[in-house]
Structures are given as structure tokens and as C-alpha cells.
Amino acid sequence: MALSGDESIKSDIESYIKGELRSIGDVVMSDSNADWQILVFGIENSTQEHRNTKKYVNIGMVILRPYRSNDLKGLLNKTDLLLNERQEKLIDWMTKNLYFFEEYRLFVGEISELKTLYEKVVAYFDAKCLELQRKAYAEERNKQEKGDQD
């Protein structure tokens, strides 16, 4: 997870997001070999209505998925093309910083609702990305179990 934003709310961003992610039972936060990369930024702003100043926060979230070189190697190995060690290393090097863009969302709310906004950010990530991944893993597991029974 990468964070940026106004210094006045940056520590809250990190605290709330990490806490919400930890509350999801099957999420492990990792700096290496992660299934997802989440970029979060927060910008504080305000509006003046008569004598009242309202403070708002804009929360942007970009979700990226790392490209796995093994996916490409697997596809190539299914063809008649066999990769040598040098070609595999080249593929690893070319794809190590390559990501698929999955999603972008902007959340806006009053500064007093910051924790609620981050709950929404993480709930959206859970529903949009993690739930699909869980279903794909379950389907793959079911296929393997059926194959083992045959």
C-alpha cells in the first residue's frame, strides 16, 4: 500500500486503512509478492457558507494488480515455444514492475467522517477485488477436487 496526501490527515489515512484491511480475515499485508497494490491519497479542503466553514476530504484510491511473469511463461510453454533460462530471466526482468490497472475510485465526505470514508474504501476493495479473487480460488479448488475424485 502506498500513501500520500495532506500531512494533516496522512497518519489517519494509514491508521484507518491498515486497521480496516487487518479486520478482513483473509488479508495479509506484505511489502513483497503482494496480490494487489493499493495507492491511496487524501486531500483536505474546505468551503465557506456564510460564517460556517465546512471541512471536507477527498480520498482517491487506485488498485493495481502485479503482472506475474509465470503467467506469460505458462502460456508460452503451452505452445511449441520452449523458453531457455536466459529468456525466462529476461521475462522476469521485463515484468517485475508491470501492473494491471484494476480500479480507481474517489470518495468525498466531511472531515469528521474520515473513519467512515475509509471503511467504505476498504469495503469497496473487498467487494470489487478480493471477493472476485476468493470466487476464482474456490472454483479452482473445486476443479482440482473433482479431478482428484476421477
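Laboratory data are not the source of any read-out in this text; all were calculated from the coordinates shown. The structure presented is a predicted model; accordingly, all values stated were derived computationally and were not measured. Neighbour counts run over all protein chains shown; Cβ positions are idealised from the backbone, glycine included.
Figures for the structure shown
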read-out	value
Longest segment of the chain lacking trypsin sites (Lys or Arg not before Pro) that sit in a DSSP loop with at most 15 other Cβ atoms within 10 Å	97-150
Full-extension gain in nm, residue 86 to residue 44, via 0.36 nm per residue minus C-alpha separation	10.2 nm
Residue-averaged 222 nm ellipticity for the chain, from DSSP H runs of 4+ at -39500 (n - 2.57), nearest 500	-15000 deg cm²/dmol
Segment 1-131: relative contact order as a whole-number percent, Cα under 8 Å and 6+ apart	26 percent
Coarse-grained scattering of the chain at q = 0.08 Å⁻¹, given as base-10 log I(q)/I(0) from a Debye sum over alpha-carbon atoms	-0.35
Eligible lysines near residue 120 by straight Cα distance, threshold 16 Å, same-chain separation 8 or greater	18, 128
Lysines whose Cα lies under 20 Å from that of residue 135, excluding same-chain neighbours fewer than 8 positions away	143, 146
Pairwise FRET efficiency - residue 55 versus residue 119, Cβ, R0 = 30 Å, nearest 0.05	0.95
Sites residue 104 and residue 78, calculated FRET efficiency, Cβ-Cβ separation with R0 41 Å, nearest 0.05	0.80
Gained length - residue 11 relative to residue 149, 0.36 nm times residue gap less alpha-carbon distance	44.5 nm
